[in-house]
Amino acid sequence: MVDKTKKEFRKRDIFYLVPLWLLSLIAPDPYLYHKKEFKKKDLFYLGAICLAPLIWSDTHFHHLMVLAGIYAILALGLSLFMGYAGQISLGHAAFFGIGAYTTAILTTRYAFSTFPAFLASAVSAAVIAYFIGRPILKLKGYFLALATLGFGEIFLVIIRESTDLTGGVIGIFGIPWFSVMGFSFDTYLKQYYLTWGVLIGLFIFSKNLVRSKVGRALLAVAASEDAASSVGINVPRIKLEVFVLGAAFAGLAGSLFSCVMSTANPEAFSLGLTVLIVMMVILGGMGNLYGPIAGAILLTWLTDILSRYQEYSLPIYGVILILLLIFFPDGIGTRLNVRVIYLIGYWAKKKKRDEGKL
Amino acid sequence: MPLLSIEEITKEYDGIRALDRVSLKVKRGSIKGLIGPNGAGKSTLFHLISGVEKPGSGKIYFREIDITSMESHEISALGIGRTFQTLQVWGNMTVVENIMAGMNRRLKGSLLSYGLWLPWIRRSEKEALKEAKEILDSLGLLGKWESIASQLPYGKQKLLELGRTLAMKPELLLLDEPASGLTLTEMRQLSERILQIRQEGVTIFIVEHHMGMVMEIADEIAVLHNGELIAEGTPDAVRRNPQVIEAYLKGKKADA
């Protein structure tokens, strides 16, 4: 009798593990850091990215995915800084804004074509990040978070107040479509391939960093700065490098954003955006590069779907975020929480137990 | 000329003298032991040498270069490797990555060249992996090369920390209580390994609580007590030194 119930237990446990196992097949595991090389799985993802807009060929979907791609570029850069180097930045939206405004100003006032403006956006964001980062990155933890937060707010004030250059609160209009060598990305479909192309390029770049000396140095800094400098890793420098790199990514994303939206105004780069990106990184999963992309797609879609429910959208949004964090504490780019799976099993069994069947 | 020479080092914490005008020399190719009761200032001295902290006064020379006011990573880049009293293995990486991160100062190339995965980067990464595996093999950790470092048992993690420090090919190796928390067999293996590392031409400076082990392997021993150097010499001479005996007996009583 006792043996029989035990057997049932085991069978059920295996049953609960099936979805976990299925998920682990498609989701990269953050705990296996050695699985950093490119895999066949990546080709599958690449194919899915190329085919998706052709299968779902409505413009709304394309537009959403363009936005998701832009946010993913932002989140990717932030994830190198947060997920790998273990630092906190709450001023990332400012670099996005710097990129967007650089492109906006160069194209509308100085008649630059978009591609040089695109590159200039990355450079300007990186240069500003360098000068901001040098003093700020001496801070740690909460202090770093506050300092970056302050930087983001100062950026907004400057943008709002310098009306001559940035158009103040109204912003800049009429930014042209992105174009390279006379080829204009004038439909959402073309923009989809543009943003996701840039994203894939930056993803490969980041992945190369992560699987090499740079990634190891970043993880070492995150785990123990003393130990990192004891093997000759220049801790302040590597932090600064990855901060500047993240800012350059944000600058590129901002440039694409202003071309897609054809406007740049300060509201788009407020603290709300920073929080959104940080959520993308955390929800997607820290310490792996697929996570921020997954997080960006998920949150962009979620905001779009919930916007139909108007005043209820924010509470629902909050509840969904909390549930996601309970079920995927390491991010959706990773596995379901094993404990939660067992909890479900416990509830499922509870009814029977109450009825005295177990 | 000694490899490391410490001259009249003083360090104070809020008015308390942790080190009082300590002068020490470590000869090239030797094993030097540093002993003393709890709170004698041994770890402080190590922190000063490796640049984690800065001394109040005095000078430290390594290969006749003044390293007193250098940053920690510059000092290690010169060739001083160290382990920590409280274990500092990077638990967010695999065992082999820990070793490869230890090679950091020998791997050249900018952020950009790594991101673009240029041909010579690919080659040097491959070589680094091969060398890391050789180091793991010599430590007997090769079987675990893909496990997460924090999942290894304590003794193996200590070994890994040592391996990581060796991977940077140091000239001087500072070992801060390498035997603490090890079993007797592990300790014996460690002694053998330290002697073997010296054979390969690395100078070793070792802080240890475990008297027996230091006495066995060190060529020379220095004794710190309340921040002052009270004795220096061969293990036998130090063992017979009345001041040392007194200091240790007092320490024992205080502990009890």
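The values are calculated or read from the model by the stated rules, or taken from the named source; none is laboratory data. Note that the structure is a prediction, hence the values are computed from the model and not measured. Note that each Cβ is placed from the backbone with ideal geometry, even for glycine, and that neighbours are counted across all protein chains shown.
Going residue by residue through the range A:230-243, is there one that turns out to be part of a helix (DSSP H, G or I), of a type in the set (Ser, Thr, Tyr) and either without any contact (Cβ under 8 Å) to a residue 12 or more places away in the chain or surrounded by 24 or more Cβ atoms within 10 Å (Cβ to Cβ) (or both)?
yes
Can you name the residue in the range A:176-198 that is among the hydrophobic types (A, V, I, L, M, F, W, C) and either within 25 Å of the chain's Cα centre (by Cα) or at positive phi (or both) and is also surrounded by the most Cβ atoms within 10 Å (Cβ to Cβ) among such residues?
Ranking the qualifying residues of the range A:176-198, first place goes to A:178.
Only one residue in B:182, B:195, B:190 is surrounded by fewer than 22 Cβ atoms within 10 Å (Cβ to Cβ), of a type in the set (A, V, I, L, M) and either part of a loop (DSSP other than H, G, I, E, B) or not assigned by TED's automatic domain parsing to the domain that holds residue B:26 (or both). Which one?
The match here is B:182.
Given the conditions (1) free of Cβ contacts under 8 Å to residues at least 60 places away in the same chain; (2) assigned to a loop (DSSP other than H, G, I, E, B), and given that residue A:177 satisfies all but one, which numbered condition is not satisfied?
Tallying (1) free of Cβ contacts under 8 Å to residues at least 60 places away in the same chain; (2) assigned to a loop (DSSP other than H, G, I, E, B), residue A:177 fails exactly one: (1).
Go through the range A:215-241 and report how many residues are within 7 Å of another protein chain (Cβ to nearest Cβ), of a type in the set (A, V, I, L, M, F, W, C) and closer than 14 Å to residue A:287 by Cα.
Residues flagged as within 7 Å of another protein chain (Cβ to nearest Cβ), of a type in the set (A, V, I, L, M, F, W, C) and closer than 14 Å to residue A:287 by Cα within the range A:215-241 amount to 5.
Of all residues in the range B:62-97, count the ones that are surrounded by fewer than 22 Cβ atoms within 10 Å (Cβ to Cβ), assigned to a helix (DSSP H, G or I) and among the charged types (D, E, K, R).
Selection size over the range B:62-97: 1.
On the given criteria, is residue B:109 under 20 Å from residue B:163 (Cβ atoms) and in a loop (DSSP other than H, G, I, E, B)?
For residue B:109, the condition - under 20 Å from residue B:163 (Cβ atoms) and in a loop (DSSP other than H, G, I, E, B) - is not met.
Scan B:40, B:18 and give me the residue that is in contact (Cβ under 8 Å) with a residue 24 or more places away in the chain, assigned to a loop (DSSP other than H, G, I, E, B) and either surrounded by 15 or more Cβ atoms within 10 Å (Cβ to Cβ) or not assigned by TED's automatic domain parsing to the domain that holds residue B:235 (or both).
One residue alone meets the criteria, B:40.
Going through the range B:114-141 one residue at a time, which ones are surrounded by 15 or more Cβ atoms within 10 Å (Cβ to Cβ) and either among the polar types (S, T, N, Q) or closer than 21 Å to residue B:178 by Cβ (or both)?
B:124, B:132, B:135, B:136, B:139, B:141
Before we move on, is residue A:313 of a type in the set (S, T, N, Q) and touching a Leu at 6+ places or on another chain (Cβ under 7 Å)?
The answer is yes for residue A:313.
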